[in-house]
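What follows is a short report on a single structure.
Only the coordinates and a few stated rules stand behind these numbers; no lab work does. This one's a predicted model, so the numbers in the text were calculated from it and none came from an experiment. Note that we place each Cβ from the backbone using ideal geometry, even for glycine, and neighbour counts take in every protein chain shown.
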There are 4 protein chains.
Amino acid sequence: MLKILFIGDIVGKPGREILTERLARLRTELKADVVIANGENVAAGNGITATLAKTLLGSGIDAITLGDHVWDQRGWDDEIDDFPTVCRPANLPESCPGADHVILDIKGFKLAVFTVLGRTFMGMKAECPFLCAEAMFKKLEGKADGVFVEVHAEATSEKIALGWHLDGRAIAVLGTHTHVPTADASVLPKGTAFMCDVGMTGPYASVLGREVAPVISRFLDGMPKRFEVAEGDVRISGALVDYDEVAKRATEVRLITVRRGGGR
Amino acid sequence: MLKILFIGDIVGKPGREILTERLARLRTELKADVVIANGENVAAGNGITATLAKTLLGSGIDAITLGDHVWDQRGWDDEIDDFPTVCRPANLPESCPGADHVILDIKGFKLAVFTVLGRTFMGMKAECPFLCAEAMFKKLEGKADGVFVEVHAEATSEKIALGWHLDGRAIAVLGTHTHVPTADASVLPKGTAFMCDVGMTGPYASVLGREVAPVISRFLDGMPKRFEVAEGDVRISGALVDYDEVAKRATEVRLITVRRGGGR
Amino acid sequence: MLKILFIGDIVGKPGREILTERLARLRTELKADVVIANGENVAAGNGITATLAKTLLGSGIDAITLGDHVWDQRGWDDEIDDFPTVCRPANLPESCPGADHVILDIKGFKLAVFTVLGRTFMGMKAECPFLCAEAMFKKLEGKADGVFVEVHAEATSEKIALGWHLDGRAIAVLGTHTHVPTADASVLPKGTAFMCDVGMTGPYASVLGREVAPVISRFLDGMPKRFEVAEGDVRISGALVDYDEVAKRATEVRLITVRRGGGR
Amino acid sequence: MLKILFIGDIVGKPGREILTERLARLRTELKADVVIANGENVAAGNGITATLAKTLLGSGIDAITLGDHVWDQRGWDDEIDDFPTVCRPANLPESCPGADHVILDIKGFKLAVFTVLGRTFMGMKAECPFLCAEAMFKKLEGKADGVFVEVHAEATSEKIALGWHLDGRAIAVLGTHTHVPTADASVLPKGTAFMCDVGMTGPYASVLGREVAPVISRFLDGMPKRFEVAEGDVRISGALVDYDEVAKRATEVRLITVRRGGGR
Ligand SMILES: [Fe+2]
Ligand SMILES: [Fe+2]
Ligand SMILES: [Fe+2]
Ligand SMILES: [Fe+2]
Ligand SMILES: [Fe+2]
Ligand SMILES: [Fe+2]
Ligand SMILES: [Fe+2]
Ligand SMILES: [Fe+2]
């Protein structure tokens, strides 16, 4: 049995801190063989830097994925290629720097990881996530023993359709980007673990990790505001997938929530 | 204590049937004092008709709300005003037919119910849900003992911000429209029950209630397809809010899931 | 000198009729060597059929291009491959029926024609028009003496950027889709003719070819309306490009407007 | 006869400079009685400042309107109320600073000016422009002898529908925002001058006023770029409306283009 812990969008300092404090213990508690995390909001809510990527990889995360905020931090496009266990969304233009997937060796099991961006309601333009996923599976044939897919998207329809489309081919299709965990964890009929969104890792007394007051104010008058990362009710949010390498199917997937200063 | 059961978007015949079969029993099991349901997808997935509204109201639902699919069925705009316990979204233009709220009398407690549409990523244009909610609260002053708010929206940011904005004023701010239940049920600090989405009532072996194959096919080639309502894994999805009329705050909110042929 | 007449989105019966009445004469007046027309709104405003495609090709149009309305008429996906001088947008998924370009032989000059859809503010999802155009130019190398590009898009930024990007490579980059002709016809520095939009061919006493009253009504109350094709002030709208095959550059481009019952 | 010159979105330094150089002469040449200009891109392409507003008002512009970039410059929200001849879009939330209209006295004729933002494909959320325009006309009754309306919007459908809706009530409904002038200037049947877009005042060897290369690069790889204001082919673009105060209708509207170092 392979146990994969996938952690949703890490937001700012609170998100980084709770991982430093709790990830090692959580890994042990869950008997997780591998930890993958989305780091697109690590740097004060926007993007990632080389320094922060190193911190995360040093705190027990094995691979970092990224979403539409991938290029928010200046200079990261020059640094991303230094990180063999960090990948940018696979359906960005080929000319973009960064790997389109990561392969991790877990006790001899070669686990491929890639992210596709959705196209519905997304500001960043990307190639078709369905066709990109097809191409990635073809590319990974013979190189990986199993493939973990993250779908970083807004629309539930696009995420769910991709889950069904890859059912039986992917170990898991897990969603991110909305920063809100969904209550729909399930193993699809052909054995792929699915969840619309695993939520964010950061302050939940917030709007998607940002202070509440300026966001409300912005909705009310439409005027620009500074959206600082919030501080209250910090949680790790993610999903744990149990994968049976012999049967070649996921047997379970469930939402994992850890509250700062509290338990699961 | 007032127990309010709110049922998410009822999709097609499977959605109607599971309610006919199970709602009466569920109501008893949950000791629900009142049942509110979103009916925007009742008619083969699109809109509602007078006949179907009557069926729902006869099967144990006390009030029906509607979303962006409100006008999908021809003729409903002429019929909606015959239904005193049905309301259309409050932030549509004033000239639209239909009530912008419903007031229910529950053992002497006057419960007002209204829906606002989000504006982010929504095809239907609507006035500002934040300002509309303000105006509705003003309008309902002295007429209701408590206000239940549905936010029918795509973006998690808009839903969460509205929840915080109405915290302490609304009994609950519960989301619909994405057709996927979220795992974030909570009572906000000032006593308002909140949840990003209560999910849909209909077939879950589907994409938002529709058959899987044509939706995937559409994502792959972009060509028009018929999207029939699916049939498998039918569930009731909703939320139960416990409201303390004396303390004037919600004390609990939790996701309710009932599987056809199964329990909760 | 090669004179290319490009006619913008033909809308419904009025659009077809003015072409039957006036195109032959216009062709002579302008000494046009070839006529290309966008036919995405030929069938009552939505899409095209085999019968209508034949009518257009019989009335003096040499090649028909299509936009986001390409699949609006049922059955057309089975018929499009029967038409060697009709092409669908090139940046649709490869699995779509229809050719992604047309090659016309004009007195020995091989003119390639293709359309790309924009991605900004467009409902139909398409692959990157910039990368698609690159790929098309590569594919057409050695097969065509010159390439005519239509950009069927909403956003002026995307159209203008594509014009500059293909400057010196395309004979012309001419826009369609907004149904409003722009006053920006120009030959870019390296010799490509450019115009943001050549306008529609159909009734101008209208909103984009549709009757005015229901469109206004829809904007006011958001309720569904039937949008019939309008009838008043019918015009041909297009652009005439003069291309110097020896210098390999366009020397002029100008808006062509013909009013029904009137002159230019 | 009242001659109104309306100047489209002034972009950065090149836009300001050509006005300083040429506006006085242009005013004389056209015998314009009044000059209105959209100033939303005056400050390096984004927004406006008090200093720049003063410069414009000192260079022969009588009233400044604004669009979705209204709040781009920090501090302007505190300054806008100092300018009685500057207005922000009328369909922003009431709580926003700034006037929702300007009234100019032209030889005894009281000309009201207001802008509405479109809602289709616009990032900034606004109330319904159709209902807002209705409300503004009501509000201005008895206060103005004529009303000039700017529609700052992306979609041609929304602009054209608003033109028809206000036909006979407004002196003119002229569009801005796309930065590309349209070739559709016309007086509608009941006497309102209409044009989808009057274009921008700034460098046309550009993409909407910005340097070409970084915009193309951004479309190709989706990565952030600095978009500096361009420099080549600077033009004034606008429209001249002839209004007959006795007949109470516009008699003509035409596009005005002035090239730097050149004539009209
Ligand atoms: Fe994120
Ligand atoms: Fe994201
Ligand atoms: Fe729904
Ligand atoms: Fe909905
Ligand atoms: Fe069209
Ligand atoms: Fe189109
Ligand atoms: Fe502008
Ligand atoms: Fe604008």
Loop GluC sites (Glu not before Pro), segment C:74-182, which have at most 15 other Cβ atoms in a 10 Å radius of their Cβ (DSSP)
C:94, C:141
Hey, in the GNM for chain C with a 10 angstrom Cα cutoff, which one of C:202, C:98, C:58 fluctuates hardest?
C:58
Local electrostatic count, residue B:17, Cβ distance below 11 Å [Lys/Arg +1, Asp/Glu -1]:
+2
When ranked by the protection proxy of mean other Cβ atoms within 10 Å per residue, highest first, what sequence do the peptides C:63-72, B:20-29 form?
C:63-72, B:20-29
For the protein assembly as shown, share of DSSP beta bridges that run antiparallel, in % to the nearest 5
55
With a Förster distance of 22 angstrom and the Cβ-Cβ distance between residue A:233 and residue B:248, calculated FRET efficiency to the nearest 0.05 equals 0.40
Amide H neighbours of residue A:98 under 5 Å, counting only residues 5+ apart in sequence or on other chains, H built in-plane at 1.01 Å?
A:81
From the square roots a ≥ b ≥ c of the eigenvalues of the alpha-carbon gyration tensor of segment A:2-259, which class results: rounded (a/c under 1.5), prolate (a/b over b/c), or oblate?
rounded
Summarise the partner chain shielding of B:201-214 as one whole number: the mean count of Cβ atoms from other chains within 10 Å of each residue's Cβ.
3
Please turn the phi angles of segment B:113-121 into ³J(HN,Hα) values with the Karplus equation 6.51 cos²θ - 1.76 cosθ + 1.60 (θ = phi - 60°), one per residue in order, whole Hz, x for glycine and proline.
10, 8, 10, 10, 7, x, 10, 7, 6
Over 31 Å between Cα atoms, which of B:143/B:190; B:3/C:225; C:138/C:190; B:139/D:125; B:54/B:125; D:31/D:190 qualify?
B:3/C:225
Taking placed amide H atoms and a strict 5 Å upper bound, the residues 5 or more places from residue B:251 or on another chain that come that close are B:242, B:243, B:244
Going through the DSSP H helices of chain B, which span 15 Å or more along their own axis at the Cα atoms while scoring at least -0.5 as a mean Kyte-Doolittle hydropathy?
B:129-140
Derived scalar couplings ³J(HN,Hα) [segment A:36-45; Karplus, 6.51 cos²θ - 1.76 cosθ + 1.60; whole Hz; x for Gly, Pro]
10, 9, 8, x, 6, 10, 5, 8, 6, x
Using modelled amide H (1.01 Å from N, peptide plane; none on Pro or chain starts), what sits under 5 Å from the amide H of residue D:199, excluding residues fewer than 5 places away?
D:179, D:180, D:182
DSSP-defined beta bridges in chain D - what % are antiparallel, rounded to 5
55
Under a Cβ-only charge scheme (Lys and Arg +1, Asp and Glu -1), can you give me the dipole magnitude of the protein assembly as shown about the Cα centre, in debye to the nearest 20?
0
Treating only the Cβ of Lys, Arg, Asp and Glu as charged (+1, +1, -1, -1), what charge dipole size does chain B show about its Cα centre? Round to the nearest 20 debye.
560
Assuming a ≥ b ≥ c are the square roots of the Cα gyration tensor eigenvalues, decide whether segment B:118-264 counts as rounded (a/c under 1.5), prolate (otherwise, with a/b larger than b/c) or oblate.
oblate
Between D:95, D:157, D:186, find the one with the highest GNM mean-square fluctuation for chain D; connect C-alpha pairs within less than 10 Å.
D:95
Would you tell me the mean number of C-beta atoms belonging to other protein chains that fall within 10 Å of each C-beta in C:184-195, as a whole number?
2
Within a 10 angstrom radius of each residue's Cβ in B:121-131, how many Cβ atoms of other chains show up on average? Whole number is fine.
5
Phi-derived 3J(HN,Hα) across segment D:183-194 with the Karplus relation (6.51, -1.76, 1.60, θ = phi - 60°), rounded Hz, x for Gly and Pro, is 9, 10, 4, 7, 9, 5, x, 8, x, 9, 6, 9
Going by a ≥ b ≥ c, the root eigenvalues of the Cα gyration tensor, does the protein assembly as shown fall in the rounded group (a/c under 1.5), the prolate group (a/b larger than b/c) or the oblate group?
prolate
Tell me the trypsin sites (Lys or Arg not before Pro) within segment D:159-207 that lie in a loop according to DSSP and have at most 14 other beta-carbon atoms within 10 Å.
D:190
